[in-house]
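The values are calculated or read from the model by the stated rules, or taken from the named source; none is laboratory data. It should be emphasised that the depicted structure is a prediction, and the values quoted were computed from it without experimental measurement. All Cβ positions, glycine included, derive from the backbone under ideal geometry; neighbour counts span all protein chains shown. Heavy atoms of the whole protein, side chains included, go into the accessibility calculation; ligands, DNA and RNA do not. Shrake-Rupley method; radii C 1.70, N 1.55, O 1.52, S 1.80 Å.
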Amino acid sequence: MGQTMLTVALPVALAWMMFTVGLTLKVADFSRVGRYPVQVIAGLAAQLIGLPLLAYGLVHAFNLPDVVAIGLWILALSPGGASSNAITHLCGGNTALSVTMTAISSVIVPFSLPLLLPLVFPSAQLVLPLKTAILQLVAVTIFPIGIGMLVRHYGSGLRFQRFSQWAGRSSLWALFFTVAVTLAANTNVFNQLFSVASLVAIVLCLGGMGLGAAVARGVLCSRGDNRDGQRLTRTLAIEVGVQNAGTAIFVAVVQLQQPELALTPLLYGVLMNIPVLLMIYWHQRDTKACPVR
């Protein structure tokens, strides 16, 4: 039952969240991203270079045991997927930018992860299938978003507005469902919640969010334009801070066949929900307080 929830129900919930994201997007949103390539490049640099540097520093600063250090390193090399897009949407970020970054990083990771993994785990030999990564991206992210955008394009009237409002609320419950499934499937890590692995997992998450926010502010200052600054800050904070624990666990358990290396990603998958849910709560509270901006 638990395995079915992870392999079937969880992807379905993520796909539904991506569909609800698509209901809020137009093709013009992506064209705007294309007009500001600095945002995409800066975000990807922070995500694919800055966060691994932070993780490398944590490995040496805390003198981590090999099991924890390698798990943290694998996690740092696994940028966020569909979940980060949904979280960006729920936090009021720039969803089109988030989806664009996910699409690009999903193609880069099958090459960057095997290349950088030996820096902390010299004996690792890893090959990630590019075809699988692309198929997952299409099935869980691009296809449902595309369907949502088509529904928005052709939908109209009061019935569509009600459906969109209901779908938007349901995406938050779908996120709660994914958190619950993650917790239920990983109850064995609760006895490690007060360990060094937990500490570095939450530090990586918060440090990545801070790095993303700092990069966003740097981009805004360089452009001399603070319009949509809050949206960009939230987006890069989430894209850099929220890693794909599922990919890291897959690499540890399936690719490397060393399940013990999945401890840090498992703890991260649980603990990263704390700052994420706080960000969503603050955004929802602000939206209710100031519905018109």
Exercise for review: Please determine, in degrees from 0 to 90 and to the nearest 10, the orientation of helix 10-22 with respect to the longest principal axis defined by the Cα atoms of the chain, where the helix direction is its Cα long axis.
Suggested key: 40 degrees
Exercise for review: Please work out the Cα center distance from the stretch 118-177 to the stretch 52-113, rounded to the nearest Å.
Suggested key: 17 Å
Check your understanding: Roughly how tilted is helix 51-61, in degrees to the nearest 10 and between 0 and 90, from the longest Cα axis of the chain?
Key -> 30 degrees
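How would you order 107-118, 236-247, 85-96 from highest to lowest mean count of nearby Cβ atoms within 10 Å? Kindly include the intermediate steps, with their values, before the conclusion.
Working: 107-118: 16.6, 236-247: 27.7, 85-96: 25.7.
In descending order of packing, they fall as 236-247, 85-96, 107-118.
Highest first, please rank the peptides 209-219, 147-157, 61-71 by the mean number of other Cβ atoms sitting within 10 Å of their residues. Don't jump to the answer; show the numbers that get you there.
Values: 209-219: 19.9, 147-157: 13.7, 61-71: 17.7.
Put in order of decreasing packing, that is 209-219, 61-71, 147-157.
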Review point. Hey, what number do you get for the chain at 222 nm if only DSSP H runs of n ≥ 4 count, each worth -39500 (n - 2.57), divided across all residues, to the nearest 500?
Key: -22500 deg cm²/dmol
Exercise for review: With a Förster radius of 22 Å, plug the Cβ-Cβ distance of Trp166 and Thr287 into 1/(1 + (r/R0)^6) and report the FRET value to the nearest 0.05.
Suggested key: 0.85
Practice item. Work out how much length Trp173 to Asp66 would gain on full extension: take 0.36 nm times their residue separation and subtract the Cα-Cα distance, in nm to one decimal. Key: 34.8 nm
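Run the accessible area of the chain with a 1.4 Å probe and give the carbon-and-sulfur part as a rounded percent.
On the way: 9480 of 14170 Å².
Ligands and nucleic acids excluded, carbon and sulfur give 67 percent.
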Exercise for review: Using only Cα atoms, tell me the angle between helix 196-223 and the longest principal axis of the chain; keep it within 0 to 90° and round to the nearest 10.
Suggested key: 50 degrees
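Relative contact order (percent) for the chain, with alpha-carbon contacts under 8 angstrom and 6 or more residues of separation?
In percent, rounded to a whole number, it is 33.
For Arg35 and Asn191, what is the calculated FRET efficiency with R₀ set at 41 Å and r taken between the beta-carbons, to the nearest 0.05? Write out the running numbers ahead of the final one.
Working: r = 50 Å, r/R0 = 1.22.
Efficiency at R0 = 41 Å is approximately 0.25.
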